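Undergrad: This is the structure, below, for whatever I ask next.
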Amino acid sequence: MQVIFESRHATGSTLRQEALERVRFVLRRLGATVPRTKVMFTDINGPKGGVDKHCLLEVKTEKSGVLVISSLASDWRTALDDGLERLVRALTRTMDRQRKPARTRLAKPTLEVN
C-alpha cells in the first residue's frame, strides 16, 4: 500500500512519520483493497489556535473508486484519528454493500379465480 503525505504547515510536517505509521496500522487488514492513500494536513486559520487543524484522507480503492474523508480538530493527532475512524467505517460499509446482493422486490402472487 502506497501512502502519500502532504502538509503545508511546519508542525504538521513534523508528524509525517507518525501519520504514515498510523495510517498503515489502521488500514493493514484492508490493504489488499486499498492500493493508495493520501493524507493532507492543513491549518485553516494559521497560528490563531482553536478547532482549525484539518486532515483530509483520500483513499483509492480497486472497486469503489475514490473515497474522501475530512475531519477538523484542535490538534493534528485528533484530526487524524477521527478521520481514520470514519474512513475505516466507510470502507467496511462499502465493502459489505459490494458483497451482499441487492435486495429485489418479489412479485405479488396473483390469485386465481375459478
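Undergrad: May I ask you to compute the full-extension gain from residue 29 to residue 68, defined as 0.36 nm times their residue separation minus their alpha-carbon distance, rounded to one decimal in nm?
TA: Stretched fully, the residue 29-residue 68 segment lengthens by 12.1 nm.
Undergrad: Tell me the net charge near residue 3. Cut-off is 14 Å between Cβ atoms, residue 3 excluded, with +1 for each Lys or Arg and -1 for each Asp or Glu.
TA: Computed value for this residue: +3.
Undergrad: What does the highest-first list of 1-11, 81-91 look like by mean Cβ count within 10 Å?
TA: Peptide ranking by packing, descending: 81-91, 1-11.
Undergrad: As I understand it, the dipole of the chain uses +1 on the Cβ of Lys and Arg and -1 on the Cβ of Asp and Glu, about the Cα centre. Which of 34, 55, 78 lies farthest toward its positive end?
TA: 34
Undergrad: Computing the accessible area with a 1.4 Å probe over protein heavy atoms, can you report the carbon and sulfur percentage for the chain?
TA: 52 percent
Undergrad: Residue-wise, which Karplus ³J(HN,Hα) couplings in Hz belong to the stretch 41-46, taking 6.51 cos²θ - 1.76 cosθ + 1.60, θ = phi - 60°, and x for glycine or proline?
TA: These are the phi-based 3J(HN,Hα) values: 10, 9, 9, 5, 10, x Hz.
Undergrad: Using amide H atoms built 1.01 Å from N in the peptide plane, name the residues 5+ places from residue 52, or on other chains, whose amide H lies under 5 Å from its own.
TA: Residues meeting the amide H criterion: 73.
Undergrad: Net charge near residue 92, counting Lys/Arg +1 and Asp/Glu -1 over other residues with Cβ under 12 Å of its Cβ?
TA: +4
Undergrad: So with the 1.4 Å probe, I'd like the accessible area per residue for the stretch 17-88, rounded to whole Å².
TA: 52 Å²
The values are calculated or read from the model by the stated rules, or taken from the named source; none is laboratory data. Quantities reported herein were computed from a predicted structural model and do not represent experimental measurements. Using ideal geometry, Cβ is built from the backbone for each residue, glycine included, and neighbour counts are taken over all protein chains shown. These accessible areas exclude ligands, DNA and RNA; they are computed on the full protein's heavy atoms, side chains included. Shrake-Rupley method; radii C 1.70, N 1.55, O 1.52, S 1.80 Å.
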